1. Return the subset of Lys162/Lys214; Lys138/Lys162; Lys76/Lys162 for which the Cα-Cα distance in this structure is over 24 Å, preserving the input order.
2. For each of Leu37, Leu115, Leu225, count neighbouring Cβ atoms within 10 Å of the residue's Cβ, then give the residues from fewest to most.
3. Take peptides 173-186, 226-239, 63-76 and line them up by average Cβ neighbours within 10 Å, highest first, as a rough protection proxy.
4. Charges on Cβ only, +1 for Lys and Arg, -1 for Asp and Glu, centred on the Cα centroid of region 6-188; of Gly91, Leu177, Val64, which one is farthest towards the dipole's positive end?
5. Take every DSSP beta bridge whose two residues both sit in region 6-188, then give the antiparallel share in percent to the nearest 5.
6. Name the shape class, rounded, prolate or oblate, that the alpha-carbon gyration tensor gives for region 1-90, where a ≥ b ≥ c are the square roots of its eigenvalues, rounded holds for a/c under 1.5, and otherwise prolate holds if a/b is larger than b/c and oblate otherwise.
7. Candidates (i) 6, 26, 32, 19, 12, 5, 1, 0; (ii) 7, 31, 38, 19, 4, 0; (iii) 7, 29, 33, 19, 10, 2, 0; which is the computed P(r) over Cα pairs in 10 Å bins from 0, in percent?
8. Run the numbers on region 6-188 and let me know its relative contact order in percent, using alpha-carbon pairs under 8 Å that are six or more apart.
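Read-outs: derived from the displayed coordinates by stated rules, not from any lab. The shown structure was predicted, so the numbers you read here are calculated from the model rather than taken from an experiment. Positions of Cβ are backbone-derived with ideal geometry, glycine not excepted, and every protein chain shown enters the neighbour counts.
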Amino acid sequence: MTDQGQVRLQIEAGVASVLFDRPQARNAMTWAMYEQLAAINRQLSTDRSVRVAVFRGVGGQAFVAGTDIEQFAAFKTGEDGVAYERQIEAGIELMCQLPMPTVAVVEGWCVGGGLAIATACDFRLATPGAKFGVPIAKTLGNCLAIANVARLRAAFGHQRVKRMLVLAEFIDAEEALACGFLHAIETPEAIDTASASLVQRLASLAPVTQRVSKTTLERLTTHDLAESEDLIRTAYGSDDFHEGVAAFVAKRPPVWSGQ
């Protein structure tokens, strides 16, 4: 993997635009991109001049199509998975703790880690062809940290998340709108205008109320979570996980053993 991609920040007139820029790989996140995203969120967390932050993928084909699977080839034991999920959860927590309202603009695929990022935002706009899912039961054989599952459950509902995780199903834009995950569906031609309108509306409201309300909802979603690192060790330490990575790299279907 030679192209690491980048996450870029632009700030103009009190609006931060965070761009996932790796369109040739559907903006799949590399370790470097995760580090850049965390650094951007730390910067935004203390910048009181920013009233709204907008997150968007470059290229119009994907928001973020998960984590680049080739990177998992270096994982040896379940402890590697625990360290990875801790890092991902820490980054998502940074996003959830941003003081200003956040908006995800989703065009096309929103998968795995990309879905966690979009779910960490306060509002989501999408084009009609957007797809949302975590197909790891089909592709990789790993799992999610429990806090990210809790956020998905709060956003989509228990049974839809089970369909995503256990059946490896994708949710389309219409269903995501019907369950309240999306604020609106807009055509590709109209989504820029709709995003600007939502940003303007959010920026006109009381920042302190917005900040404490966001914090209240996040605490309600993730309070008193059960221990889950034993489950992460089981998934990332399994033969099936290593088979999933090897199959992806070799561009062949995985053969699951259940071990």
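1. With Cα atoms farther than 24 Å apart: Lys162/Lys214; Lys76/Lys162.
2. With the fewest neighbours first, Leu37, Leu115, Leu225 line up as Leu225, Leu37, Leu115.
3. 63-76, 173-186, 226-239
4. So the residue we want is Leu177.
5. Among the beta bridges of region 6-188, antiparallel pairing accounts for roughly 30 percent.
6. Since a/c reaches 1.5 but b/c is at least a/b, the shape of region 1-90 is classed as oblate.
7. Here the calculated entry is (ii).
8. Contact order relative to length: 19 percent.
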